């Protein structure tokens, strides 16, 4: 697994190359939830690139409210129109401000193959982030769908198959369960009354303290 640094924080990433009419590269990664609001807590990154053979355009976008602010700052108020307008002499200033202050990006593709490659790539990103957001670490507390709490001891690998195993402790003892099974969804056909989506779900320290 590779890593990228965001704000000096090491973020694990996974990469996928998808070949169709062209070649597109997708990157996704996150440190997982860390209990913070905007600018704090976890760090997440997604990237999309192509090797030049894909009909892809990347267009900066600007929120209408921000665009209005820029026009007011670089434009002139027209009494007849009752609004701010941008004179020819100020167009360059507005474009420069737009380049510095754009708030989003529009990614546009041309071609049937690119559509299906994009769908596959975006699904890879979603699956990767969903899995990483539920990263299992020692010391965490998770709740079994039947209500019991378990304490993670460690995540290890099977000595023969190298399969990742979650080692955890609960009231009845210490157990090892395959990571894929630990993170799997509840079979709601078998357990129709269970509302919890996953077999085990992470519990915050605050929730643990509230139960104590």
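Throughout, read-outs are computed from the coordinates displayed, never taken from laboratory work. Just so we're clear, the structure is a prediction, and the values are computed from it rather than from any experiment. Methodologically, a virtual Cβ is constructed for each residue, glycine included, from the backbone with ideal geometry; neighbour enumeration extends over all protein chains shown.
Structure data summary
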item: Length released on extending from residue 196 to residue 126, taking residue separation times 0.36 nm less the Cα-Cα span; result: 23.2 nm
item: Ranking of 170, 42 by count of other Cβ atoms within 10 Å, fewest first; result: 170, 42
item: Sorted by Cβ density within 10 Å, fewest first, the residues 188, 3; result: 3, 188
item: Residue-span extension gain [residue 9 to residue 69] - 0.36 nm each, minus C-alpha spacing; result: 18.3 nm
item: Linear extension gain, residue 181 paired with residue 141, 0.36 nm per residue minus alpha-carbon span; result: 12.7 nm
item: Mean projection area, nm², convex hull over Cα of region 141-211; result: 5.5
item: Computed FRET value (nearest 0.05) for residue 159 with residue 210, which takes r as the C-beta separation and R₀ as 35 Å; result: 0.35
item: Relative contact order (%) - region 141-211, alpha-carbon pairs under 8 angstrom, separation at least six; result: 32
item: Footprinting exposure proxy for 63, 144 (fewest neighbouring C-beta atoms within 10 Å first); result: 63, 144
